[in-house]
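FYI, it's all coordinate maths here, none of it is from the lab. These numbers come from a predicted model, not from an experiment. Cβ atoms come from the backbone with ideal geometry, glycine included; neighbour counts cover every protein chain shown.
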Amino acid sequence: MRALENLLSGDYSKEDIVALLKSNSTYELFTASKEYKRKFVGNKTYLRGLIELSNICSKNCYYCGIRSANTKVERYTLDQKQVINACKYAYGRGYGSLVLQTGERDDPKFIDLISETLELISKNLPAKMRITLSCGEQSKETYLKWKKLGADRYLLRIEASNPYLYKQLHPNDHKHSFEQRLRALEALKECGYQVGSGFMVGVPGQSLEDIASDILFLRDFKIDMIGMGPYVPGQNTPIAQKEILHKDERFLLALKAIAILRITMPDVNIAAATALQALEPMGREKALDIGANVIMPNITPPDARKAYGLYDNKPLDSKGLEDRDAELFKRIEDIGDEVVRNEFGDSLHYNKRIGKGK
Ligand code: 5AD
Ligand code: SF4
């Protein structure tokens, strides 16, 4: 296929990406992306323990189940003991890093909560684990403060790189500004974080051209880590009833986007998002098979996990963590990957960007 040849040669256009997203003959694309994964980042899956620290959010993104206007959500913030237990579990199982995720707030109490949690973790763990924050847009000062307290990486999805689509997915007010989002991503880079971003695939009103532009945005912004998954409608959200692609199509489109990203940005870390699992039980393993190299098992205590309802059908893992992980790791090994223990798994793209490593 011409578009794939162009992509592999490095001389490709946005139209080539659109053609690949449109094409239903995915065999060659996935074979190529698998080979890129093997060659550039190895047949390895890195572990990040996801801690959903608080579902209190001051924003109102139209797609999200924990938006502040959703009064049906029971709001929580984990206490220190719960956080430490989760961290110790991850450390004990050889996870290389932790992700602290919250709804977005920028009040002083919240900034202190994150600062205190970072201090708590560094005091209580026997050795360093990489810490990723996913706590939304903040001032550069706050980003710097958290970096000094031990945060290494930051996830902030662009959600939609087309400002017009971004506006359709968010309220039209100063709290939800596309320009501010871009500034926050810039600030994260300036502060020296490994920066992760991504978008949702299959949101209402999104075209294949939009997805191609999102892929090119991540490349041109020199993003180090990618977290990208299918849109899954959420109860009590204003856009839940809007027309979207069938779930199988959204799932396949997300896989194609992962494969294209692996080829266009071979040395980035790509997460197999939980939303893939919401659409297809083996969704994350399929993503790891064709190009993703990071998994973020949820280590939040069960009740809180339920209350962190970004979308419907969120996998809740009724088993205990040990059993859940044993089964998950086995399935990852079955696709031919090594589940990497006791390694940070820093983004090679980041190391190159800052002049470290090859
Ligand atoms: N479907 C899929 N992903 C969602 N997110 C929020 N709501 C949804 C949804 N309905 C994602 C956003 C956000 C991340 C924390 O969760 O991309 O950045
Ligand atoms: Fe809040 Fe994030 Fe949900 Fe937006 S996507 S409402 S910022 S938790």
Residues of the range 158-196 being polar (S, T, N, Q) and more than 17 Å from the chain's Cα centre (by Cα), which ones? Asn162, Gln168, Asn172, Ser177, Gln180
Positions within the range 19-42 being closer than 29 Å to Met296 by Cβ and buried (at least 16 other Cβ atoms within 10 Å of the Cβ), in sequence order: Leu20, Leu21, Leu29, Phe30, Ala32, Ser33, Lys34, Tyr36, Lys37, Phe40, Val41
Members of the range 173-201 found to be surrounded by fewer than 23 Cβ atoms within 10 Å (Cβ to Cβ) and outside any helix (DSSP H, G or I), listed by number: Asp173, Ser177, Cys191, Gly192
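Tell me the residue from Thr142, Thr117 that is assigned to a helix (DSSP H, G or I), β-branched (Val, Ile, Thr) and touching a residue at least 60 places away in the same chain (Cβ under 8 Å), please. Spell out the reasoning first.
Values: Thr142 fails: touching a residue at least 60 places away in the same chain (Cβ under 8 Å).
Result of the check over Thr142, Thr117: Thr117.
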Looking at Ala292, is it assigned to a loop (DSSP other than H, G, I, E, B), on the phi < 0 side of the Ramachandran plot and buried (at least 18 other Cβ atoms within 10 Å of the Cβ)? yes
Considering each residue of the range 145-157, count those that are in contact with a Leu (Cβ under 8 Å, 6 or more places away or on another chain) and either without any contact (Cβ under 8 Å) to a residue 60 or more places away in the chain or assigned to a helix (DSSP H, G or I) (or both), and give that number. 6
Can you tell me which residue within the range 158-212, out of those that are touching a Phe, Trp or Tyr at 6+ places or on another chain (Cβ under 7 Å) and at positive phi, is farthest from ligand 1 (Cβ to nearest atom)? Gly202
Just checking, does the range 332-349 include any residue being farther than 26 Å from Lys189 by Cα, within 16 Å of ligand 2 (Cβ to nearest atom), among the hydrophobic types (A, V, I, L, M, F, W, C) and surrounded by 17 or more Cβ atoms within 10 Å (Cβ to Cβ)? no
